[in-house]
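Peer 1: This is the structure, below, for whatever I ask next.
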Amino acid sequence: MSMKPIVAIDGPAAAGKGTLARRLAATLHLPYLDTGLLYRAVGRRVLETGGDPSDAVSAESAARALEPADLDRNDLRGPQADAAAASVASITGVRAALLDFQRDFAVRDGAVLDGRDIGTVIFPNAPAKLFVTASLAERARRRWLELRAKGMEADIATVEADMRQRDAKDAARAAAPLKAAADACLLDTSEMDAEAAFQAALAFIRTRIDLI
Ligand code: CDP
């Protein structure tokens, strides 16, 4: 696999991967892909045809039919989309159907990608891997604030319970479970603001990738 400047950012829900990855990509002049959107969009496609996101046949055919424009849908967030994404994501055939899209995305210029299995499965040879996490309570608080800012009604205890369940499902599944790659830098952002997380991540990446 190539030694292109690929930055793999994995971790559980609402750990701050997206904010961090987006800023790193802008700073490093690399394309950015939020791979969670792929699973969210597949989940949505299944739901809108009245299907069950945990049914392998429906989910795989939705994954094969996925188009880049699906990632721009405005219904990819919220509890229903979260649950549908986690269901389709546990299906091996769905993950296989989305593999080439993720690898092709980084083929020309490298990329910053965030998800659950970027450093373990999609780009096991990525030169820079980060595993970003935070306590469950802090992650639930961040997601709750995000939902409220979008005008979505949310109860913090429910957000935390849903998140605990989704993390457990992501970590326990047989297909590409959520786990840190052996060579990933662990970044616990429980006590860090976005700026501190960014500086720590950038300092690590500089040790792995030659940046101009
Ligand atoms: O934003 P949040 O961290 O809550 O979720 P996300 O990154 O958008 O991912 C949504 C769901 O998609 C996760 O709970 C996983 O089940 C799945 N996912 C995955 O399996 N592999 C990835 N590379 C990205 C997401």
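Peer 1: Among the numbered conditions (1) surrounded by 16 or more Cβ atoms within 10 Å (Cβ to Cβ); (2) assigned to a loop (DSSP other than H, G, I, E, B); (3) modelled with pLDDT of 95 or more; (4) not small (Gly, Ala, Ser), tell me where residue 52 comes up short.
Peer 2: (1)
Condition check ((1) within 12 Å of the ligand (Cβ to nearest atom); (2) without any contact (Cβ under 8 Å) to a residue 12 or more places away in the chain; (3) of a type in the set (Lys, Arg); (4) outside any helix (DSSP H, G or I)) across all residues:
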position	(1), (2), (3), (4)
120	yes, no, no, no
132	yes, no, no, yes
138	no, no, no, no
143	yes, no, yes, no
210	no, yes, no, yes
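Peer 1: Pick from the stretch 151-193 the residues that are outside any loop (DSSP other than H, G, I, E, B) and acidic (Asp, Glu): which of them is nearest to residue 121 (Cα to Cα)?
Peer 2: The selected residue is 170.
Peer 1: Another question about this same structure. Does the stretch 73-108 hold any residues that are of a type outside the set (Val, Ile, Thr), assigned to a loop (DSSP other than H, G, I, E, B) and within 11 Å of the ligand (Cβ to nearest atom), and which are they?
Peer 2: Listed by number, the residues that qualify are 76, 77, 78, 90.
Peer 1: Further, regarding this structure: Determine, yes or no, whether residue 130 is closer than 25 Å to residue 4 by Cα, buried (at least 17 other Cβ atoms within 10 Å of the Cβ) and of a type outside the set (Asp, Glu).
Peer 2: So residue 130 passes the test.
Peer 1: Filter the stretch 63-116 for residues that are within 14 Å of the chain's Cα centre (by Cα) and free of Cβ contacts under 8 Å to residues at least 24 places away in the same chain and give the result.
Peer 2: Hit for the stretch 63-116 is 99, nothing else.
Peer 1: Do you know which residues across the stretch 55-73 are more than 14 Å from residue 41 (Cβ to Cβ) and hydrophobic (A, V, I, L, M, F, W, C)?
Peer 2: 56, 57
The values are calculated or read from the model by the stated rules, or taken from the named source; none is laboratory data. This one's a predicted model, so the numbers in the text were calculated from it and none came from an experiment. Backbone-built Cβ (ideal geometry, glycine too); neighbour counts: all protein chains shown.
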